[in-house]
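What follows is calculated from the coordinates using simple rules that are stated; it is not laboratory data. From a predicted model like this one, the values you see are computed outputs, not experimental measurements. All Cβ positions, glycine included, derive from the backbone under ideal geometry; neighbour counts span all protein chains shown.
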Amino acid sequence: MYGKCGHMDLARLVFDSMDERNYVSWDALLSGFVENGLVDLAIDIFRQMESATIKPNQHTFANLLRLCGDRRYKEYGRQIHGHAIKVINQMNVVLETELIDMYAKCGCIEVSQLLFLRMNERNLISWNTLLAGYVGDGQPVATINIYRQMELACVRPDHYTLAGLLNLCRFHGLLHYGRQIHARLIKTGSEMNVVLQTLLVHMYFKCRRWRDAHNVCTLIRERNSHVYEAFFKVYGDDLLI
C-alpha cells in the first residue's frame, strides 16, 4: 500500500520491522521501488533477496528489466539478464519480451532482434515491442520488414502496431506508406482512436499534405493537449480567432 502511494520510506520501515519475510514480502518491496523508478534501491533489494536465499522468479526479473529499460540502464539490464539465465530454466514470453524491450531502449536493437528470433513462443506484444524498438532506433526499412513478417505470420496488428508505424511515417516523412496504413484502417472498418487520428494529422502535416491533415482533424471528437498541438500545426493562428 505504501509503495503504491509513493511512500517507499514507510514501506521499507514496515518491511524491516517484519519478524518473518517470504518471497511475497520481498517482491512487494522490490516492486514498490520499481514502480517509483528507484533503480539503485531496486537492484539493492534484489541482491539482498539473493543473499537471503530467496529465489527470484520471472515476475521479479521482468519488473527489474522494465525499470532498466525505462531508465536506459544497460549495464544493470545485462546483469539482470545474466542472473535470469542462471536461475530460470525456460523463460516465459513475458520475460523474453521485457528483455527485447530493455535492449532496444538501451540502443542494442541487434540484441533484441536476436532474442526475438530465439523465442519459442511469440505473441502480439512481442512483435509490437520489436517493431517499436526499430522505430525508436530510426530504422524505417527494418520496421516495415518486421510488419510484413507479422502479416506473413498471420499476427493481426492492433492500435499499438499501427501507432508505431504512423510514428515511423511521421518521423521520416513516409507519405506513401502512411497513406497505406490510413487506407487499411478505413478498409477494415477499424475504429480510429484519438491517438491514431492525431498521429495521422502529424504525419500529413510533416509531409505537407494540408488538406489530408484537415480532413482527419474534422473527424477528431476527443480533445487533449496532443490534439490541440496537431490542430495548431494545421490551422496556426486561425484557431485563436
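Annotations
- D by Stokes-Einstein for the range 68-154, Kirkwood Rh over Cα pairs, 4 °C, 1.567 mPa s: 99 µm²/s.
- Simple label model, 7 Å out from Cα along Cβ direction - S51 to R209, nm: 5.9
- Label-point separation in nm, V87 to R118, each point 7 Å along Cα→Cβ: 1.8
- Tensor-based shape of the range 1-55 (alpha-carbon gyration tensor, a/c under 1.5 rounded, otherwise prolate or oblate): oblate
- Fluctuation leader among A62, A52, A28 - the chain, Gaussian network, Cα springs under 10 angstrom: A52
- Alpha-carbon spread of the range 129-193, three principal axes, descending order, Å: 31, 27, 19
- Counting only GluC sites (Glu not before Pro) that DSSP places in a loop and that have at most 13 other Cβ atoms within 10 Å, the longest clean stretch of the chain runs over 21-120.
- Over the chain: Kirkwood hydrodynamic radius from C-alpha pairwise inverse distances, Å: 20.3
- Rounded FRET efficiency, nearest 0.05, which uses the C-beta distance separating R72 from S190 and R0 of 45 Å: 0.85
- Taking every DSSP helix (H) stretch of at least 4 residues in the chain, weighting each as -39,500 (n - 2.57) and dividing the sum by the residue count yields a mean residue ellipticity at 222 nm of -22000 deg cm²/dmol.
- Between D137 and D9, full extension at 0.36 nm per residue minus the direct alpha carbon distance yields a gain of 42.4 nm.
- Chain lengthening between L152 and E35 when straightened (0.36 nm per residue, less Cα-Cα): 38.4 nm
- Restriction of the chymotrypsin sites (Phe, Trp or Tyr not before Pro) in the range 1-66 to DSSP coil positions whose beta-carbon has at most 11 other beta-carbons within 10 angstrom yields no sites.
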